[in-house]
Amino acid sequence: MTGYFYNPNIHPYLEYQKRLATLLGYAAGEALPVVSDVAYPMEIFLRRVQFQEEDRCRHCYDLRLRCTAEKAKGENYEAFTTTLLYSRYQKHELIKETGERMADEYGVPFLYHDFREGWREGVETSKRLGLYRQPYCGCLYSEKERYWRRK
């Protein structure tokens, strides 16, 4: 198993760095290999969702799972999946549908599992280990939804 960090949706850059550093630190302690792109391709996400903000999750999942499936195919992995399936806040059926579509397109099986069953345990473990816990999904729009309140 190899972790892959590709998140062109995360904004701002300091948030991106925190999440990547947390993953790399945790992975090192678990001897989990992780591949990450050195670029910060936020513009790819923004171009994709421009004027389609209400459907941003569909575009985000497509970008991230497409890149993951492409990487899995290029590196000859047996399958691919996503940590998005762990979150209680993500659109689970849309993730599954997108992963299966990418599996068909790239010829690499999508490993579907409802990882939300371990959500509470994961939260407790991350707190015990002192890991950074992100307060929003990552994109500019979710950051606004999380912090901006109408007066």
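Scanning the range 35-62 for residues that are within 20 Å of Ala79 (Cβ to Cβ) and surrounded by 20 or more Cβ atoms within 10 Å (Cβ to Cβ) yields a single hit, Tyr61. Screening the candidates Ala31, Ala69 for the property of being closer than 28 Å to Gly130 by Cα and among the aliphatic types (A, V, I, L, M) yields one hit, Ala31. One residue stands out in the range 79-107 among those that are in contact with a Phe, Trp or Tyr (Cβ under 6 Å, 6 or more places away or on another chain) and farther than 15 Å from Leu63 by Cβ: the one that is surrounded by the most Cβ atoms within 10 Å (Cβ to Cβ), namely Ala103. Checking each residue in the range 108-140 for being surrounded by 15 or more Cβ atoms within 10 Å (Cβ to Cβ) and either touching a His at 6+ places or on another chain (Cβ under 8 Å) or free of Cβ contacts under 8 Å to residues at least 24 places away in the same chain (or both) picks out Arg116, Tyr136, Gly138, Cys139, Leu140.
Readers should treat all values here as calculations from the given coordinates under stated rules, not as data from a laboratory. Computed from a predicted model, the values in this text were never measured in an experiment. Neighbour counts run over all protein chains shown; Cβ positions are idealised from the backbone, glycine included.
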